[in-house]
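A short write-up of the structure that comes next.
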Amino acid sequence: MGLLKEFKEFAMRGSVVDLAVGVVIGGAFGKIVTSLVDDIIMPPIGYITGGIDFGSLKYVLKEANEAAGVAEVSINYGNFVNVIIQFLIVAMCIFAVIKGMNSLKKEEVAAVEEPAGPTKEEVLLTEIRDLLRNK
C-alpha cells in the first residue's frame, strides 16, 4: 500500500504532470512540423533545385536482384536531409516561443519591481524629522 501511495505522490507532482503535457504537445507539434516541411517547404525547394525529391535521394551500395531475391542495399541520405530541415524548423519555433515567453516574464518582473510610494508612517516620520531638523 505504501508503494502505491508513493507512486501517486510522484505522478501527481507538478513537474511530472508538466512534463507529460509537454511530451503530448511536442508529439502533436512534431506532426505539424513534419507536414509543414513535407507539404509546404520541400516542394518549392524541390522546384528550385530542378524537381529533386530529397526523400528519394539515396546511394545504392548493392542493386536489387528480383530474380535472385536480393533486396536493394542503400544509404537513404535524402530522408536524413528532410529530418535535419525538420529539426531546424522545430528549433527555430521553440526559440521563438521561449524568447516570447522570456520577454513576457521580463515585463512582469519590471512591473513588480517598481517601488511603491512611501507609506503613511514613512511620510509622517519624514515630516517629524524635518520639523526637528528645522528647530
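Modelling each spin label as a point 7 Å along the Cα-to-Cβ direction, I'd like the LEU125/PHE29 distance in nm, to one decimal.
Using points 7 Å along Cα→Cβ, the separation is 4.9 nm.
Evaluate the relative contact order of region 26-135 (contact order divided by residue number), counting alpha-carbon pairs under 8 angstrom at least 6 apart; express in whole percent.
This gives 19 percent for region 26-135.
With +1 on each Lys and Arg Cβ and -1 on each Asp and Glu Cβ, how big is the dipole of the chain about its Cα centre, in debye rounded to the nearest 20? Write out the running numbers ahead of the final one.
Details: 13 positive and 17 negative charges, 81 e Å.
Around 380 debye, computed over the chain.
Students often get this wrong, so try it: which of [x] 2, 9, 17, 20, 22, 17, 9, 4, 2, 0; [y] 2, 11, 23, 26, 23, 11, 3, 0; [z] 2, 7, 8, 9, 9, 8, 8, 8, 7, 6, 6, 5, 4, 3, 2, 2, 2, 1, 1, 1, 0, 0, 0 is P(r) over Cα pairs in 5 Å bins from 0, in percent as calculated from the structure shown?
Here P(r) over Cα pairs in 5 Å bins from 0, in percent agrees with entry [z].
On a full-extension model of 0.36 nm per residue, what is the gain between LEU3 and VAL81, subtracting their alpha-carbon distance, rounded to one decimal in nm? All intermediate terms of the calculation are to be shown ahead of the outcome.
Working: separation 78, 0.36 × 78 = 28.08 nm, distance 4.68 nm.
Length gained, LEU3 through VAL81: 23.4 nm.
Would you work out which of ILE128, SER103, ALA20 lies farthest towards the positive end of the dipole of the chain, given +1 charges on the beta-carbon of Lys and Arg and -1 on that of Asp and Glu, about the Cα centre?
ILE128
Per residue of region 69-82, what does 6.51 cos²θ - 1.76 cosθ + 1.60 with θ = phi - 60° give for ³J(HN,Hα)? Whole Hz please, x for Gly and Pro, Karplus curve as stated.
After applying 6.51 cos²θ - 1.76 cosθ + 1.60, I find x, 9, 7, 5, 10, 8, 9, 8, 6, x, 4, 4, 4, 4 Hz.
Please name whichever of ILE89, THR119, SER56 sits farthest to the positive end of the charge dipole of region 39-135, dipole taken about the Cα centre and charges placed at Cβ: Lys and Arg +1, Asp and Glu -1.
The residue sitting most towards the positive pole is THR119.
A short reminder: the numbers here are calculations on the coordinates, not readings from a lab. Every value quoted in this text rests on a predicted model; they were computed, and no experiment measured them. Don't worry about glycine lacking a Cβ; one is built from the backbone with ideal geometry, like all the others, and counts go over all protein chains shown.
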